[in-house]
There are 2 protein chains.
Amino acid sequence: MSRPTKQSPERGNARTRLLEAARDVVRAKGYAAATVDDLCRAADVTKGAFFHHFASKDALGVAAAEFWNEETTAFFEAAPYHQPADALERILAYVAFRKAIIVGEPPEFTCLAGTMAQEVYASSPDIRDACALSIFGHTATLEADIEAARRERGIAGDWTAASLARHTQAVLQGGFVLAKAGNDPELARESLDHLDRYIRHLFHVAEEDAQ
Amino acid sequence: MSRPTKQSPERGNARTRLLEAARDVVRAKGYAAATVDDLCRAADVTKGAFFHHFASKDALGVAAAEFWNEETTAFFEAAPYHQPADALERILAYVAFRKAIIVGEPPEFTCLAGTMAQEVYASSPDIRDACALSIFGHTATLEADIEAARRERGIAGDWTAASLARHTQAVLQGGFVLAKAGNDPELARESLDHLDRYIRHLFHVAEEDAQ
DNA sequence: TTATACATACCTTTTAGTCGGTATGTGTCA
DNA sequence: TGACACATACCGACTAAAAGGTATGTATAA
């Protein structure tokens with residue numbers, strides 16, 4: 001593999017490979033159990049490269065949460081669920097899309113930010129806060145569609161768009177916890193079916209049978 | 001503090017204190033970040049006592065998950081939400097009870113099993129499985145009430161009692177993740193409001209305003 | 001010739017786990 | 001009833017390995 005040049009500093013450089021390794025290894029074994037040597041091995045770089053790019057392991061943890069945020073933001077922005085002109089349809093398409101991408105082993109589809117935030121709550125507040133930014137930043141993108149759908153359809157009710165957006169995240173995160181505990185992706189998918197049914201109820205639309 | 005005798009081996013012994021310490025410390029900083037010395041300090045016992053009672057740190061992890069399971073099982077069995085004669089009322093009382101006990105800092109009300117299962121998914125399958133037993137064992141207790149409520153009220157729908165029981169757990173676990181990430185208990189409580197509304201919808205009963 | 005991006009050997013602290021020892025309760029037999 | 005053997009519960013210094021982090025050297029690009 002060729003040395004990265006200054007013209008293309010992003011392409012396959014050690015920093016990016018380490019962030020990708022963190023993303024994958026941490027989702028499987030947790031942040032604290034993922035040692036610096038583990039991460040270097042997974043990224044196929046040396047310790048020198050690690051501490052050249054990151055001042056400490058915790059600094060990598062923060063950067064990994066930020067990297068995860070950028071990566072997922074770009075991924076969901078490019079996703080097809082934005083296409084429907086109707087806001088509620090976009091919301092339901094979002095839920096369907098989240099369900100559709102739950103494939104493979106739990107570490108492949110679960111959320112790095114949720115895993116790390118829960119684990120490092122008291123031991124690394126910096127990492128926790130970076131994870132919170134990722135989670136709650138993502139809910140904000142959904143909130144706009146929910147608010148639009150409410151207006152379009154004149155929906156009342158004692159709930160807010162922000163709260164439903166956060167609930168959607170909670171169902172996802174909780175589904176991931178169950179999927180990891182039971183080592184079964186279906187546990188995450190079935191909660192999204194319940195969420196779909198709940199949202200249709202809030203907006204007074206009929207359920208669809210096949211999902 | 002007096003030495004425990006063979007007549008009262010359970011009272012305040014080192015083993016129990018270590019399990020309680022694990023319950024509290026792990027929920028705050030995660031399993032891997034909780035060192036044996038941390039746990040001994042929190043339990044006010046020595047390392048000798050630790051390794052007298054547990055063959056390894058992982059063995060303590062498994063025992064802590066089992067201890068958590070026993071403790072929460074007893075707690076929820078004794079809880080008042082079982083009182084209503086009507087099954088649906090018991091379910092809604094359960095959700096209200098789960099909401100009511102979300103007080104204090106996140107490590108005080110979040111779930112040890114959920115935290116550990118997510119973290120040790122690949123690093124300690126033994127612990128993960130012990131956590132799964134606790135989580136899915138608890139859903140089973142709720143499932144009976146859901147099934148009873150369905151029969152009593154003749155509710156159809158393409159969902160099962162088992163799946164709704166698991167969804168309830170997912171909403172709880174997800175709420176805990178958000179509460180830890182945002183360091184705000186209200187994030188867990190608000191998802192339970194959505195869950196309450198969803199369950200009332202499934203059983204065709206009106207919402208109550210104040211919760 | 002200077003800055004960047006590594007590589008490698010090394011250092012220091014922390015970590016899980018060990019080991020010999022002590023205190024105390026318990027069963028047994030004279 | 002007391003002496004003895006034995007088991008359980010615990011103590012705390014020690015150890016080996018693993019951990020995060022450092023120091024120094026080198027190749028390449030600008």
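By the helix-only formula, in which each DSSP H run with n ≥ 4 contributes -39500 (n - 2.57) and the sum is divided by residues, chain A has a 222 nm mean residue ellipticity of -22500 deg cm²/dmol. Compactness ratio for the stretch A:10-64: Cα radius of gyration over 2.2 N^0.38 Å (N = residue count) comes to 0.97.
Across the identical copies, the label point of A:ALA162 (7 Å from Cα in the Cβ direction) is separated from its matches by 4.0 nm, in order from shortest. The relative contact order of chain B comes to 19 percent, based on Cα pairs under 8 Å that sit 6 or more residues apart. Residue-wise HN-Hα couplings along the stretch B:194-200, as the Karplus relation 6.51 cos²θ - 1.76 cosθ + 1.60 with θ = phi - 60° gives them from phi, are 5, 5, 4, 4, 5, 5, 4 Hz; Gly and Pro carry x. Inter-copy label distances at A:HIS82, shortest first and taken from points set 7 Å along Cα to Cβ: 5.2 nm. Quick check: the angle from helix A:161-182's long axis to the longest principal axis of chain A, C-alpha only, nearest 10 degrees? Roughly 60 degrees between the two axes.
Given a Förster distance of 22 Å, report the FRET efficiency between A:GLU108 and B:ASP126 from their Cβ-Cβ distance, rounded to the nearest 0.05. Write down the numbers at each step before the final one.
Numbers: r = 22 Å, r/R0 = 1.01.
Using R0 = 22 Å, I get an efficiency of 0.50.
Along its first, second and third principal axes, ordered by size, the stretch A:1-134 spans 52, 40, 26 Å in Cα coordinates. Close Lys pairs in the protein assembly as shown, defined as Cα atoms under 12 Å apart and 8 or more places apart or on different chains, number 4. Remark: label point of B:HIS201 defined 7 Å out from Cα along the Cα-Cβ vector; separations to the same position in other copies 0.6 nm, ascending.
Put a dot 7 Å past the Cα of A:THR46, heading toward its Cβ, do the same for A:ALA96, and the two dots end up 5.3 nm apart.
Here the Karplus relation 6.51 cos²θ - 1.76 cosθ + 1.60, evaluated at θ = phi - 60°, turns the backbone of the stretch A:93-99 into coupling constants of 5, 4, 4, 5, 5, 4, 5 Hz, with x for every Gly and Pro.
Take the Cα of B:ASP58, step 7 Å toward its Cβ, do the same at A:ALA55, and the gap between the two points is 3.6 nm. Relative intensity of the protein assembly as shown on a log10 scale, I(q)/I(0) at q = 0.11, 0.12 Å⁻¹, equals -0.85, -0.99, per a Debye sum over C-alpha point scatterers of equal strength in the absence of solvent.
Taking 18 Å as the cut-off, the amide N atoms of the stretch B:81-121 that come nearer than this to a point 7 Å along the Cα-to-beta-carbon line of B:ALA148 belong to B:81-98. Label sites at A:HIS204 and B:HIS201, each approximated as a point 7 angstrom past Cα along Cα to Cβ, lie 1.4 nm apart.
Find the percent of Cα-Cα distances in the stretch A:58-202 that exceed 18 Å, and round it to a whole number. Mind showing how you got there, number by number?
Working: 6091 of 10440 pairs.
Result for the distance tail: 58 percent.
Bear in mind that the values in this text are calculations on the coordinates, not laboratory data. These figures come from a predicted structure and were not determined experimentally. Positions of Cβ are generated from backbone atoms using ideal geometry, with glycine treated the same way; all protein chains shown enter the neighbour counts.
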